[in-house]
Each structure stands twice: as structure tokens, then as C-alpha cells.
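First comes the structure, then the notes that go with it.
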Amino acid sequence: MKRRIATSLLVLAAGGGNASELPFAATRNVPDYTASMIVRNMSGEPKEMLRSVVHHKGWTRVESVNGNHTAISYGNYFDKTVLRTTRTGNEDFAWMSIEKTDRSLDLSVKQAKETGETDNQAGEACKWWQLIRTKEEMAPLWFSCLSADGIEVSQKVLFRVGSR
């Protein structure tokens, strides 16, 4: 079993973005890995939160900690199955949902295309992909930077400027 430990820095330009959801994967053959990162919200007042991602045999567990609020998502990106739960402080989990997600939802990835741009994020070489989530002309632009073995090492969301 191939094991990889990655540390990444996520830069999100919009709200919480898709930070608590499963990371984008271009193919099913992503190796097992563990990643710990700081998510930075650069829109409005800058905020930071901790995020850990564990990927094993096609299933991914994402835990995001923002102050005393913890959100956990566990699922399979390609099978569109996700379990979600949250908790505040040391309380029991507040709620839980298990869903078979639908790609018709506005935030789901409908299409992805390589931009041709390469980068180096937190010491890891990666290629940027644009994630098409909606056909709306003024929707934010979503990007994901994938390492050579398909691990998402960075994500960014950019607002479009202008009018329809």
C-alpha cells in the first residue's frame, strides 16, 4: 500500500467555499494519503481554520475545525456518497446525514478541465484544474491544484468582476 503524507496550504477567496466537502479527484486511482492544512478565507475579514484529509481505498474523511465547531464529511467522490456531521465544543454530534449526492446541485462539479498551468503549493508540484460547477456567467471560478498522483494540494475560488 502506498502511503503519502502531505501538508498543504489552502487559499480560498470566497466564504467557506467547499472546504468541508470531499476534495476533487480527476481519476479513481488516487493513492492513500493523509494531509493536514490551514484553510485561509481571504474574502472579508481573513479567517483561518484547520482541515485534515485522510484518503484510503477510494474513501475520504475530511475534518474541519473552526474555533469550537467541528465538521466531518466522509465519502467517495466518484460514487457521489457522503456522510456529514457536525459538533460544537465537547458536545455530542449535533446531526448526521448520509446522502447520495446529485451532480445537478449547484456546488457539485459538473465538469473539470486542465488549465495548462503548473504551480508549487506547500513544496508540492501540481497542475491547476478549473472545476465547472454552474453555467452561470457571474458564478465564482473554482480551481483545484492536483499533484502528479492526483492528490488535491490546493484549492482557490475567485469572484468574477463585472456585470452580465
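Here, each number is a calculation from the coordinates, and none is a lab measurement. Not measured: the values here are computed from a predicted model. Positions of Cβ are backbone-derived with ideal geometry, glycine not excepted, and every protein chain shown enters the neighbour counts.
For ALA94, neighbours were defined as the other residues whose beta-carbon sits under 14 Å from its Cβ, and their charges (Lys and Arg +1, Asp and Glu -1) total 0. Calculated FRET efficiency, ASN76 to ARG160, Cβ-Cβ distance, R0 = 30 Å: about 0.45 to the nearest 0.05.
Determine the gain in length on full extension of the stretch ALA139-ARG87; use 0.36 nm per residue of separation and subtract their C-alpha separation, reporting nm with one decimal. The partial results should precede the final answer.
Working: separation 52, 0.36 × 52 = 18.72 nm, distance 3.05 nm.
Gain on extension, ALA139 to ARG87, equals 15.7 nm.
With both labels modelled 7 Å from their Cα along Cα-to-Cβ, the ALA26 to GLN130 distance reads 1.5 nm. Applying 1/(1 + (r/R0)^6) with R0 = 30 Å to the Cβ-Cβ distance of TRP95 and GLU48, what FRET efficiency is obtained, to the nearest 0.05? Given R0 = 30 Å and the Cβ-Cβ separation, E is 0.75.
Tell me whether the range 23-164 comes out rounded, prolate or oblate; compute the Cα gyration tensor, take square roots of the eigenvalues as a ≥ b ≥ c, and use a/c under 1.5 as the rounded threshold. Please list the in-between numbers first.
Working: a/c = 1.35, a/b = 1.23, b/c = 1.10.
The shape class here is rounded.
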